[in-house]
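Enquirer: I'd like to ask you about the structure that follows.
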Amino acid sequence: MNFPENLKYTKEHEWLLLNEDGTATIGITEFAQSELGDIVYVEVDTVGETIEADEIFGTVEAVKTTSDLFMPVSGEILEFNPELDEAQGDNPGTINTDPYSTGWIVKIKPTDPAQIDDLLSAEQYGELIG
């Protein structure tokens with residue numbers, strides 16, 4: 001499986017990319033999407049809200065199951081990927097085909113960037129899932 005080195009990871013299988021402008025992009029890992037199966041719907045109704053680390057910010061619905069999405073770090077949800085939004089792109093399967101790029105889920109403004117240091121490296125995440 002692929003775990004890009006430039007990302008940070010959580011034990012709940014989310015990834016975080018710290019952007020140059022201080023915002024962060026969040027999605028789910030290749031492992032998570034493969035465990036979920038075909039993703040048919042993504043719900044994020046927390047845009048504009050500040051969510052604490054480890055709190056739920058949305059859900060992913062797959063053919064097999066539904067899974068909560070957890071914030072890797074505390075922050076304000078700035079944007080929900082329009083490609084995944086039912087009212088716009090309506091293409092949640094993008095997470096299955098490209099989880100680390102076009103399949104991102106939200107962009108946030110971290111309120112405590114130091115929390116990013118507590119996330120897992122690609123190597124640590126790889127060890128976690130075996």
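Read-outs throughout are calculated quantities, based only on the coordinates presented, and are distinct from any laboratory measurement. None of the values given here were measured: they were computed from a predicted structure.
Enquirer: Cut-off under 25 Å on the C-alpha distance; same-chain residues fewer than 8 positions from LYS64 excluded. Which lysines are left, in chain and number order?
Expert: LYS11
Enquirer: Same structure, new question: Just report the Cα centroid separation between region 100-130 and region 1-80, whole Å.
Expert: After rounding, the separation between the Cα centres reads 9 Å.
Enquirer: Tell me, what ³J(HN,Hα) does each residue in region 58-72 have, in order and in whole Hz, if you take phi through Karplus 6.51 cos²θ - 1.76 cosθ + 1.60 with θ = phi - 60° and put x for Gly and Pro?
Expert: x, 9, 10, 10, 10, 4, 7, 6, 10, 9, 6, 9, 10, 5, x
Enquirer: Separate question: Is the shape of the chain rounded, prolate or oblate, going by the alpha carbon gyration tensor and its root eigenvalues a ≥ b ≥ c, with a/c under 1.5 for rounded and a/b larger than b/c for prolate?
Expert: On the way: a/c = 1.62, a/b = 1.10, b/c = 1.47.
Oblate, since a/c reaches 1.5 and b/c is not below a/b.
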